[in-house]
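Participant: Sharing a structure here in structure tokens format.
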Amino acid sequence: MSVKKINPIQSIHDVAMAMNSAQDPDGLLELILDRCIQICGVESGSLMLIDEKSGVLDAVTSRGMNQQILRETKLKIGQGITGMAASTGKAKLVNDVSKDPDYIQVKEDIKSELVAPMILEDGIIGVISLDSNRLNAFTAEMLEIVSVLANQAGQIFKNLQTIRSLEQRTRIQATLIEIAKVVSSSLDQTEVFDSIMVTMERSLRLEKGSIVLHNKEEGLLRIVAASGLSPEEFDKGTYQPGEGITGKVFESGEPMIIESVANHPAFLNRVGYLSHFKHDPHNVSLLCAPILSEQNTLGVVNAFIVQQKHTDLKSFLDFLQVVASIISQSIKIQTLVEEAKKEISRENIQLKRELKNKYKFGSLIGKASSMEKMFEKIQLVADSRASVLITGESGTGKEMIANAIHYNSSRSENPFIKINCAAIPENLLESELFGHKKGSFTGAVTDKKGKFEMADTGTIFLDEIGEMDLNLQSKLLRVLQEREIEAIGSTKVKKVDVRIIAATNAELEQLVAEKKFRADLFYRLNVVKINTPPLRERTEDIPLLINHFLEKYTKDNNKVIKGISREASKLLLKYRWPGNVRELENVIERAVVLSQDETLTEEDFADILQNIDETNEAAIETPSFATVEAIQGGEPLDLASGRLTPSQLDGLDGRAMEIVLNEVESRLIQYAMKKYRYTKTRVAKFLGINRNTLDKKIKELNIEY
């Protein structure tokens, strides 16, 4: 057979162009082998890569060879012509294999062989072996060309391996980012674990996997999340520490790679994993990474991989160890959350007990008859389901009454939701009360529960009910009548069991008459009406309230204030308190904060008392000294004009100076006290006397203070 004339440069160029256009490593190797066979004009050949772990040549692609024989024949490095080339890195041409002592027969009719190593800078990665059934089938030129192609193929193949490795690492990094997002998006541990397994299977095409945690109470390792297992298989996933591969990794705390689970004696196959790999169970690898905390091992995360050629198991194990660390952090966070929930639960129980004690009727301050009647009504209505309407001026404690009703009812352990209807814009109030669905209006980016749904089985307090829009009143009426709500944007109604307590400082009857409040809603709310009396109508409660607020704010502000002076107490009793209890509380708090003495005096209340309603005081008169009863005959004396009749003067015999001066002093002191709001320091300054002299004059002249 004549040898075809070969253009070496053109052949190398053609192969290089073809190799540069190929992306699949297996396809590239087949292309290289085909070109070499074509160039040399031979019948068969193979391309083998060195398996460094087993020290043999692995035929990854061949032409004209028996595949079964190739699989069964594993040439060791240094064995035969091909093995020697792989060992020494030297190409070899044998045109008569019968004369070469190193030749090992793989195919009966082979007479000539050419072997060229695939050499890179860091070593030999494989060989190209060409065979012919003809003697003298190869030339030195062919050997040179095949050697160049082999080295070129080795370099490009190495580059493609690098690209594949980078792609794998990129997928791993993207998967880790996705897993991190999953962990940060939920506090439900089961949901997090399931999402991790789904993400691993979808993103990295891992065949099967599981998360196994140690149950301290049982002393067992138990599967808590898995990919591709039936419920029956899932339940079988329990292991003793040290049992099987999972148990050994848990016990040692070290990661492990099992290249072939079918051939490993420690693999138990307890849940039947091998039945999922019927096509080639011997080619299935198992990666195990311990889930470690600061003190101990929490469990193990497993992943099964069906190996492809050149699968980088070490990179996958590194990935799995990072996943194990993420799972550990998730468990730690979940533990902290559970502890926080328990603490919050304990605090809630304690808070509810304190609230219940705080809003017992004995804690509501007041001894006036109007307050006692109100307490009696609260006690009667507290444990019923009846709607309650609390009326009264601003600052009289309507919200406190609502608290007392709820915390003394059978619903006291259930939610108590408060909402101020006047504080929320009309266009948002409906959403606040009844909730909305995502996309139902601009800004509704998620579903939102309304206050009524949050208050289910409990109580809702609607403050300033008189400010509610008429359209919204009709929807509230439906809640009262049908006990059901409908969120904005929803077509479904939801049944709720909510007790309604409403409060207002407006005259609802007047609003009904003006058609500004629905009459039917008013009657529904006004099942039980509780009116909170203004402070000016229960002045006997003012000293009790003063002492209560004084004690409270002295403690809150870490002050040492022992009490309030008699004069200051009288001032507070004379004031009409248009802001009611709330105003009194604010006045006492401000006085406590600003006071520098151990006793609050009238000076500590000078600012607030300047706002006293003039109608609350007797008119301040310029002293006229108009009438002084005569000692004799009872005839009034006109001291203002300075004109006294002789009979009047006679009646003052012996006491004229005393009576007139006393009257003048008394009138001056009374005038000054009214002018300066009974502030003795200011009164004394106006009169030009000291404080002690003023006190003495008040006592001597029997002036009411």
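Participant: Quick one: which residue in 254, 243, 259 is over 24 Å from residue 182 (Cα atoms), touching a residue at least 12 places away in the same chain (Cβ under 8 Å) and open to solvent by less than 60 Å² (accessible area, probe 1.4 Å)?
Facilitator: So the residue among 254, 243, 259 that is over 24 Å from residue 182 (Cα atoms), touching a residue at least 12 places away in the same chain (Cβ under 8 Å) and open to solvent by less than 60 Å² (accessible area, probe 1.4 Å) is 243.
Participant: Shifting gears a bit: May I ask you to verify whether residue 236 is within 18 Å of residue 276 (Cα to Cα), of a type in the set (D, E, K, R) and open to solvent by 40 Å² or more (accessible area, probe 1.4 Å)?
Facilitator: Yes.
Participant: What number of residues within region 167-209 are at pLDDT below 70, in a helix (DSSP H, G or I) and over 19 Å from the mean Cα position of the chain (by Cα)?
Facilitator: Adding up the residues that qualify gives 4.
Participant: When you scan region 516-538, do you find a residue that is open to solvent by 10 Å² or more (accessible area, probe 1.4 Å), at pLDDT 90 or above, closer than 20 Å to residue 421 by Cβ and β-branched (Val, Ile, Thr), even just one?
Facilitator: yes
Participant: State which residue pairs qualify: first residue part of a loop (DSSP other than H, G, I, E, B) and inside region 215-238, second residue open to solvent by 40 Å² or more (accessible area, probe 1.4 Å) in any location, beta carbons under 7 Å apart, and separation of 6 or more residues or different chains.
Facilitator: Within 7 Å, the pairs are 228/276; 236/270; 237/222; 237/270.
Participant: Within region 248-307, count every residue that is assigned to a loop (DSSP other than H, G, I, E, B) and in contact with a His (Cβ under 8 Å, 6 or more places away or on another chain).
Facilitator: Going through region 248-307 one residue at a time, the tally reaches 1.
Participant: Okay, next question. Filter region 596-614 down to the residues that are surrounded by fewer than 19 Cβ atoms within 10 Å (Cβ to Cβ), at pLDDT 85 or above and not charged (D, E, K, R), then identify the one that is nearest to residue 564 (Cα to Cα).
Facilitator: My answer is 599.
Participant: Would you mind telling me which numbered condition in (1) under 19 Å from residue 148 (Cα atoms); (2) at pLDDT below 85; (3) assigned to a helix (DSSP H, G or I) residue 6 fails?
Facilitator: Residue 6 satisfies every listed condition except (3).
Participant: Is at least one residue of region 448-466 touching a Lys or Arg at 6+ places or on another chain (Cβ under 6 Å), over 24 Å from residue 494 (Cα atoms), surrounded by 16 or more Cβ atoms within 10 Å (Cβ to Cβ) and not aliphatic (A, V, I, L, M)?
Facilitator: no
Participant: Please go through region 424-472 and give me each residue that is farther than 30 Å from residue 412 by Cβ and aromatic (Phe, Trp, Tyr), ordered by number.
Facilitator: 441
Participant: Right, here's the next one. For region 466-580, which helices (runs of 4 or more DSSP H) that fit wholly inside it have 3 or more residues that are closer than 23 Å to residue 605 by Cβ, within 44 Å of the chain's Cα centre (by Cα) and free of Cβ contacts under 8 Å to residues at least 24 places away in the same chain?
Facilitator: Ranges flagged: 542-556.
Participant: Take region 655-705 and flag every residue that is assigned to a helix (DSSP H, G or I), under 17 Å from residue 606 (Cα atoms), among the charged types (D, E, K, R) and touching a Leu at 6+ places or on another chain (Cβ under 9 Å).
Facilitator: Selection gives 680 alone.
Participant: Moving on. Considering region 67-125 alone, what residues qualify as being surrounded by 19 or more Cβ atoms within 10 Å (Cβ to Cβ), of a type in the set (Ser, Thr, Tyr) and in contact with a helix residue (DSSP H, G or I) (Cβ under 8 Å, 6 or more places away or on another chain)?
Facilitator: The answer is 112, and nothing else.
The values are calculated or read from the model by the stated rules, or taken from the named source; none is laboratory data. Everything numeric in this text was worked out from a predicted model, so none of it was measured. All Cβ positions, even for glycine, are placed from backbone atoms using ideal geometry, and neighbour counts span all protein chains on display. For accessibility, only protein heavy atoms count, side chains too; no ligands or nucleic acids. Shrake-Rupley method; radii C 1.70, N 1.55, O 1.52, S 1.80 Å.
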